[in-house]
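We did not get these values from a lab; they are worked out from the coordinates using the rules stated. This is a predicted model, so every value here is computed, not measured. Cβ placement follows ideal geometry from the backbone for every residue including glycine, while neighbour counts extend to all protein chains displayed.
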Amino acid sequence: MEEREENLVQTEVLPKKSWQSILLPAGIILLIILAGLGTGYFLSRSGGAGSQVLKTMDGAQVVQGSKEVGIKDEKVFRDTTEGKLEVNDGSLVEEGSHKLIRPGGASQTAYLTSSVVDLNQFVGQCVQVWGETFVAQKAGWLMDVGRIKLLDKCPEGV
């Protein structure tokens, strides 16, 4: 008789994955996500009286606080001036929704508009503004304000 050699292939039987081996990493990941969300929520609520600097999608910094509001991008908003903010009644110049009374008299008044900041929040206050100067038809200086900061005192002569 011929002896046959059978080639037997030995296979390992892998144990089925238990639910514990799947749930444990998923649970840890879920805890990390929840901790991050909780921390973010807490930090957003505890801003206090100081300014908060946030980043927009394009990388510009947005300042939000009790003393300063707007976009902190000095490449776009490179012009700056100081004075007392008033609503423009249109009696002298109809350009700009607001005007900034500056030292030196009426000829130094800057007329303002803003697509970023609500200027009405600062009416009657002494402020520093950053913006972009536009060509005006009648105003000596017309500026689109991108950032505004409350000052402790007005410039001399205002």
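Peptides 75-86, 130-141 ordered by packing proxy, namely the average of other Cβ atoms within 10 Å per residue, highest first: 75-86, 130-141. For the pair K153 and D118, label points projected 7 Å from Cα toward Cβ lie 3.1 nm apart.
In nm, what is the difference between 0.36 nm times the number of residues separating Q108 and F42 and their Cα-Cα distance? Don't skip to the end; give the middle numbers.
On the way: separation 66, 0.36 × 66 = 23.76 nm, distance 4.54 nm.
Length gained between Q108 and F42: 19.2 nm.
Compactness ratio for the range 53-150: Cα radius of gyration over 2.2 N^0.38 Å (N = residue count) comes to 1.04.
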